[in-house]
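Here's the structure we're looking at; comments come further down.
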Amino acid sequence: MINIVKGFKDILPKEAAIRGDILLKAKRIFESNGFNEIILPILEKTELFTRSIGEATDIVQKEMYTFTDKNGDSLSLRPEGTASVVRAFVENNLFNKSTPHKYYYSGPMFRRERPQKGRLRQFYQLGLEFFGEDSPLADAHIIYILHKFLSEINLQNVVIEINSVGCEFCRPKYEEELTKYYTKNIDNLCEDCSSRLSKNPLRLLDCKNETCSQLKTDAPVIVEYLCSECLEHHNRLKDFLKIFNVNFRENKFMVRGLDYYTKTVFEAVSSDGLGSQNAVGAGGRYNNLVEQITGKKFHGIGFALGVERLVLLLNQDESEIAPDFFIVTLGESSLNIGIKIYLELTQKGFRGEFDYQLKGFKHQLKKADKYKSKFCIIIGENEVKSNKVIVKNMLTGVQQEIAAENIEGVLNEPYKL
Ligand code: HAM
């Protein structure tokens, strides 16, 4: 037996069905807010990610699946979608189009992290990106879409946290203060943080180590260092979010694991049993990224959701997918009618099963029970003559004899005791 690769996961039918539902709802909300789908390759030149995500990030330093192609190019499995959307936006001259530059995408991403609950090495993201606007109204709209989607899929106990990480003019001063603060406390830092301090001091705010998180409480706060433009942007965003009716919480220490953000950053955080991997979605503004990758000046903002984390929170019920009906027949002519009824009902979208082994009545009923079918449609000799069927509700045990054309009505009735 050859087993699956560590950190990778088979998506079994029940989970696949929940994902299908999630993607359908996202598609509807994203498209009604003006976003169009874009489908991009899984493999890109490594440089696309090193230049965008940042040389000093964990993703680039340790987590990418990178290999040298036969022609000597260094290629990587994409660890996220934003950089690819930016590349495709410019490479395909989409910026010349008169329509708004709004794109959404979904697909697998790859990061060689330490696997744990809600953290995989291949995971599926659902994201969107909006280019060309720097207004806090755009930020509020994007965060509203995230919020709307989460409430549409009925995810409970999720809060949207926001912060600003400033811009290239105000952030260096903050980083300097942060470095001073942590240098004073260097003896209490974990090994990772001591080595990260000179390269990427913001990342220290995200460390889960107990002493490092304790130190964070007294660390300098970025909003106090924002330049007037970034501060104004942040305050206007909060006003707009209220108008969009989005509940949010400020998290003054929120930083992100990717280096490209400017001004607004946000995360949708669940308090429902995901442990430390509690961000179901995250994003922010990136006003320099498009230029950094392509040389074209475009502002940008977007987010991505982690589909496995959404499924973990939604998939609390243990039951398997059950058929709506099971055809039970007695003899050749009743089987012929049974097949016809099966075809009619499945064409209408009901999920049906029957006994392929053509065994006896009792065997068929047992199988219907095993499959947890909601109804049995029983067609016996009498029923063939009278053009009627017996529909048995398998939950209540109640049977009724009805005309074949009325089966649909019974299957549509609420199914409960
Ligand atoms: P990110 O925070 O790295 O941002 O990932 C977004 C979401 O993907 C996370 O909130 C989480 O739900 C999910 N995720 C990340 N890593 C894993 C993993 N190893 N296993 C399972 N789920 C995971 C980005 O990727 C940015 N590109 C988001 C963005 C779009 N910013 C602007 N536009």
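The values are calculated or read from the model by the stated rules, or taken from the named source; none is laboratory data. This is a predicted model, so every value here is computed, not measured. Glycine also receives a Cβ, built like all others from the backbone with ideal geometry; neighbour counts cover every protein chain displayed. Ligands, DNA and RNA are excluded from the accessible area calculation, which covers all protein heavy atoms including side chains. Shrake-Rupley method; radii C 1.70, N 1.55, O 1.52, S 1.80 Å.
In table form, for the structure just shown:
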item	result
Residue-span extension gain [Lys70 to Lys252] - 0.36 nm each, minus C-alpha spacing	60.8 nm
Size of charge dipole - the chain - debye, nearest 20, with Cβ of Lys, Arg +1 and Asp, Glu -1, no other charges	540 debye
log10 of Debye I(q)/I(0), alpha-carbon scatterers only, for the range 325-416 at 0.15, 0.25 Å⁻¹	-0.49, -1.51
Contact order normalised by residue count of the range 325-416, Cα under 8 Å, 6+ apart, percent	29 percent
Peptide ranges 40-46, 60-66 listed from the most packed, as the mean C-beta count within 10 angstrom indicates	60-66, 40-46
Ser271 accessible area, 1.4 Å probe, all protein chains in place, Å² to nearest 10	90 Å²
Packing-based order for 77-88, 354-365, using average beta carbon neighbours within 10 Å, highest first	77-88, 354-365
Cα-based equivalent ellipsoid, the chain: semi-axes from gyration tensor eigenvalues, Å	53, 23, 22
The range 173-283 - percent relative contact order, Cα under 8 Å, separation 6 or more	21 percent
Estimated [θ] at 222 nm from DSSP helical runs (n ≥ 4, -39500 (n - 2.57)) normalised by residues in the chain, nearest 500	-11000 deg cm²/dmol
By accessible area with a 1.4 Å probe, ligands and nucleic acids excluded, highest first: order of Arg114, Arg203	Arg114, Arg203
Restraint check, Lys97/Lys173; Lys62/Lys184; Lys25/Lys388; Lys27/Lys238, Cα-Cα greater than 30 Å	Lys97/Lys173; Lys25/Lys388
Reduced Cα scattering model of the range 95-172, Debye log10 I(q)/I(0), q = 0.15, 0.17, 0.27 Å⁻¹	-0.87, -1.05, -1.22
Relative packing of peptides 30-39, 138-147, 99-108, 11-20 - highest average C-beta neighbours within 10 Å first	138-147, 99-108, 30-39, 11-20
Relative contact order [Cα under 8 Å, 6+ residues apart], the chain, whole percent	15 percent
